[in-house]
Every structure is written in structure tokens, then in C-alpha cells.
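Worksheet: one structure, shown below.
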Amino acid sequence: MKKLDKINILHKSKGTYNLCRCFFYYHPYYWFYYILNFSDRLLFGTKENDFILNGFQIRKISDLKKIEINNDACSIIDEENQLLAKLEVPQIDLTSWKTVFDSLKNMNLFLIVEHEEIDDDYSFFYIGHITEVKDSFLLFRHFDADGVW
């Protein structure tokens, strides 16, 4: 799928109840997203699964193999229940990864960073916050299952 076609669908979907089926090169399955914002390189959305919004995600548009609007009963039910209206969407600068991480650091909130595996039964995550952002890396302070930093 061409980048321009992807951008056109992102424009049609941004801030609406157009639920998007997103296929990424690095994963064999698709995920459903509501597109909250995007730039020329990054998309910001919330993953939807059975009428539940499952956190926020930022992904590279170049990793998006295919995107299509999925108008079915699920998006109708989500809209009737005003699922997106109840969502507190953080303002994140999507210009670059550095600006994304600077935005997240300035929020001073706990973040969950998930290490996704192709096998959906196994993935792990870190809970913590960003302590420093550089041009090519960041420092992330997290705690373990016992609460030890």
C-alpha cells in the first residue's frame, strides 16, 4: 500500500469513530485502532478490542503494511456508548521520536512499555517513567514485580 493511500485513510479516520484495521510488517495479525493523531512519520492511536480501549500506542507509518476503515457493528456500538468521548487524550508532539519522548517525559506519568512477541501468549512489559531523553536514546527508570526500582 502506498504512503499517500495510508495518509488519506489516516485523514479520514483521525478523531472519528472510523475504526481502522491496521496490518504491520512485523506482526502476522491485524489490530484495530482509533486514530487520534498522526504526522508524516508516526501515528498515535488507541487499540480497540471488544469495546475496550487498551491504552495508547505510537507506531511508525512506514511499518504499516496496510490500513483500512472497518465500519461494522463494533464501531457503531463504540460511538453509541461515546467510548472516545470518555478518553483523556494526551497531547504528544509527533514530529519525531525525540519530541514524542520529550512530551511523555514532561507529563511525568507512569508509562507502560511493552515488549511484544509474535506469540501473543508471551510478552513482558516495564512500568516506570522517562528520566532523560537524548537524540538517539532515552533513560527509562522502572520497577520490578516486587516494587524495587
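The values are calculated or read from the model by the stated rules, or taken from the named source; none is laboratory data. A quick note: this is a predicted structure, and the numbers were derived from the prediction, not measured. Here the Cβ is made from the backbone with ideal geometry for all residues, glycine too, and neighbour counts use every protein chain on show. To get the accessible areas, we keep the full protein, side chains included, count just its heavy atoms, and leave off ligands, DNA and RNA. Shrake-Rupley method; radii C 1.70, N 1.55, O 1.52, S 1.80 Å.
Things to note:
- Selection of GluC sites (Glu not before Pro), the stretch 10-90, meeting DSSP coil and at most 15 other Cβ within 10 Å: E88
- Taken along the Cα-to-beta-carbon direction at a fixed 7 Å, the label points for K3 and L87 span 2.5 nm.
- Around the Cα centre of the chain, unit charges on the Cβ atoms of Lys, Arg, Asp and Glu (plus for the first two, minus for the last two) sum to a dipole of about 820 debye.
- Here, P(r) means the percent of Cα pairs in each 10 Å bin from 0 to the largest distance; for the chain it is 10, 37, 37, 15, 2.
- E132 sits among other residues whose Cβ lies under 15 Å from its own Cβ, and their net charge, with Lys and Arg +1 and Asp and Glu -1, is +2.
- Taking a ≥ b ≥ c as the square roots of the eigenvalues of the alpha carbon gyration tensor, the stretch 78-138 is oblate, as a/c is not under 1.5 and a/b does not beat b/c.
- Listed peptides 50-63, 32-45 by packing density, highest first (mean Cβ within 10 Å): 32-45, 50-63
- Between L139 and S62, the simple label model (points 7 Å from Cα in the Cβ direction) yields a spacing of 2.9 nm.
- At a probe radius of 1.4 angstrom, the accessible area of the stretch 1-100 per residue rounds to 56 square angstrom.
- Computed extension length for W149-R21: 42.4 nm, one decimal, from 0.36 nm per residue of separation with the Cα-Cα distance subtracted.
- Taking every C-alpha pair closer than 8 Å and separated by at least 6 residues, the mean separation divided by the residue count of the chain gives a relative contact order of 16 percent.
- With all protein chains modelled, accessible area of L83 [1.4 Å, Å²]: 40
- Ranked by solvent-accessible area (1.4 Å probe, protein heavy atoms only, all chains present), the residues H11, H142 order from largest to smallest as H11, H142.
- With each label modelled as a point 7 angstrom along the Cα→C-beta vector, the F110-I69 pair spans 3.8 nm.
- Here the chain has 52 percent of its accessible surface on carbon and sulfur atoms, given a 1.4 Å probe and all protein chains in place.
- Across M107, M1, the residue with the most accessible area heads the list, and the full order at a 1.4 Å probe is M1, M107.
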